[in-house]
Amino acid sequence: MDFDLIVRGGTLPDGRIADIGIAGETIRAVEQKLPGSAPTEIDARGNLVSPPFVDPHFHMDATLSYGIPRINASGTLLEGIALWGELKPLLTHEAVRERALAYCDWAVSMGLLAIRTHVDVCDDRLLAVEALLDVKKAVAPYIDLQLVAFPQDGLYRSPTARENTIRALDMGVDIVGGIPHFERTMADGTRSITELCEIAAKRGLMVDMHCDETDDPLSRHIEQLAYETQRLGLQGRVAGSHLTSMHSMDNYYVSKLLPLIAEAGVSAIPNPLINIMLQGRHDTFPKRRGLTRVKEMLALGIRVGWGQDCVLDPWYSLGTADMLDVAFMGLHVAQMSSPADMARCFDMVTNVNAAIMGLDHLGLAVGKRASLVVLDAGNPIEAVRLRPERLCVIARGKVVAERTKQETRLSIAGRPAQVNRRHKTS
């Protein structure tokens, strides 16, 4: 077989050492030693070769806007929403587009080749929707970009949100979103879930709902989301994002709730970087961690992936587009310290997130799209520990980013001349 590109001798996440042969945009062979040669060959010996990183929860319309028009002084979710309300009238199509494209450049450099972004539809101009639809076309050769119609100010709380959600879907936005805990009443939140899920069912679309992003233990909209998923036959097409109220709920209620989520096939997308920063702001001590019950969900077979959520915007003042930062923080906050749990955190920001987004074409197997990453690490656990350099990023069979391996020189008598932080365990 003729190949356009071969990645030689890399270590796959399952520990196999293999060559990967690529023809066009497709992986055509994964074998221990591929015969022949290709016009482009990547030497990956001693390094981890991974599927691309995937982010199932982001806000690209706000990214890289930190400090405009001011900084979130309290660090709370609600002030972030208010600040976004101040920023929206200042947005221009070009500014949203250019910031989003700049973020996509960061993403490619970090091997992040699939992103699901929520886009606010409560601005009657739908300016951000139009801008991100432009971005989606522009980055299609190297990033899978999904857009969620997100009524940030509430489907019923904002007078034109319902109409604008429909308009955005008609324009080509992929997924139905919502924010039930931000409606005026719990009842309105429940009603919004029902209506939004019915819209998705009628159109054959997926649902990704901001759900219970609050410290209030009585915010229980995920229960309604699981119910509507089953009632409307949306199993496998629905995700509940954040779910932070679960860190406040009593254990008895959660023991009833989690099996309902599992039965409905609803995925969960916690966002550890942002929620440990935003949640628990009204607590003294004990202080809540801002993370849903990840290990308990995993134990019941619920599909859980890690999300980035924000980078340099009204809600979060940091971020680098590195999904390994997300996995690293999630691992700590969820106390997922066993070798199996740590490896699972790596899988959550690659294969699991791809499954949540319905991206069946991604993965390191024959017939899958030739999008992959070579990392300066020996295995997935080491990758999470180090958050290492992406030595090579390949998207649709083409090298889109490269970096030389960095070694630190030491000038210490009796010690090695060079040092790196990779570590071989016996």
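The values are calculated or read from the model by the stated rules, or taken from the named source; none is laboratory data. As the structure is a computational prediction, the values presented were derived from the model and not from experiment. So basically every Cβ, Gly included, is an ideal-geometry build from the backbone, and we count neighbours across all protein chains shown. The area values use the complete protein model at the heavy-atom level, side chains included, leaving out ligands, DNA and RNA. Shrake-Rupley method; radii C 1.70, N 1.55, O 1.52, S 1.80 Å.
Things to note:
- The slack between A23 and E41, meaning 0.36 nm per residue of separation minus the straight C-alpha distance, is 5.3 nm.
- Fluctuation leader among A114, A44, A340 - the chain, Gaussian network, Cα springs under 10 angstrom: A340
- Cα-based Rg of region 130-272 normalised by 2.2 N^0.38 Å, two decimals: 1.05
- Excluding ligands, DNA and RNA, the accessible surface per residue across the chain is 41 Å² with a 1.4 Å probe.
- Gain upon complete extension [K295, S255; 0.36 nm per residue less C-alpha separation]: 13.1 nm
- Taken over region 225-374, the ratio of Cα radius of gyration to 2.2 N^0.38 Å equals 1.09.
- Taking 32 Å as the limit for the C-alpha separation, the pairs K202/K398; K368/K405; K137/K295; K137/K368; K88/K256 exceed it in the case of K202/K398; K137/K295; K88/K256.
- Structural descriptor for the chain: relative contact order 19 percent, calculated from alpha carbon pairs under 8 angstrom and at least 6 residues apart.
- FRET efficiency for the pair E163 and T404, taken as 1/(1 + (r/R0)^6) with r the Cβ-Cβ distance and R0 = 41 Å, rounds to 0.20.
- Each principal axis of the Cα cloud of region 1-59 was evaluated for its coordinate range; sorted largest first, these ranges are 44, 25, 15 Å.
- Extreme residue, positive dipole direction of the chain, given options P89, G367, A417 (C-beta unit charges): A417
- R16-Q335 pseudo-label distance in nm [points 7 Å out on the Cα-to-Cβ vector]: 3.7 nm
- Spacing of the modelled spin labels on Q235 and R288, each 7 Å from Cα toward Cβ, amounts to 3.1 nm.
- The dipole here belongs to region 168-275: it is taken about the Cα centre, uses +1 on the Cβ of Lys and Arg and -1 on the Cβ of Asp and Glu, and is about 280 debye.
- Gaussian network model of the chain, Cα within-10 Å springs - most flexible of S158, S317, S337: S337
- Restricting region 102-180 to trypsin sites (Lys or Arg not before Pro) that sit in a DSSP loop and have at most 15 other Cβ atoms within 10 Å of their own Cβ leaves R125.
- Evaluated with a Cβ-only charge set (Lys, Arg +1; Asp, Glu -1), the chain carries a dipole of roughly 1100 debye about its Cα centre, given to the nearest 20.
- Top positive-direction residue, dipole computed over the chain with Cβ charges, set H181, G280, P151: G280
- Listed peptides 223-230, 176-183, 363-370, 382-389 by packing density, highest first (mean Cβ within 10 Å): 176-183, 223-230, 382-389, 363-370
- Protein accessible area in the chain, 1.4 Å probe - carbon and sulfur %: 52 percent
- Dipole size of region 54-114 about its Cα centre, with +1 on Lys/Arg Cβ and -1 on Asp/Glu Cβ: approximately 80 debye, rounded to the nearest 20.
- Nitroxide proxy distance, nm - points 7 Å out along Cα→Cβ at A262 and K33: 4.6 nm
- With the helix formula -39500 (n - 2.57) applied to DSSP H stretches of n ≥ 4, the chain reaches a computed 222 nm mean residue ellipticity of -10000 deg cm²/dmol.
- Dividing the radius of gyration of the alpha carbons in the chain by their Kirkwood radius gives 0.98 for Rg/Rh.
- One decimal place: the segment T185-M171 gains 2.0 nm when fully extended, by the rule 0.36 nm per residue minus the C-alpha distance.
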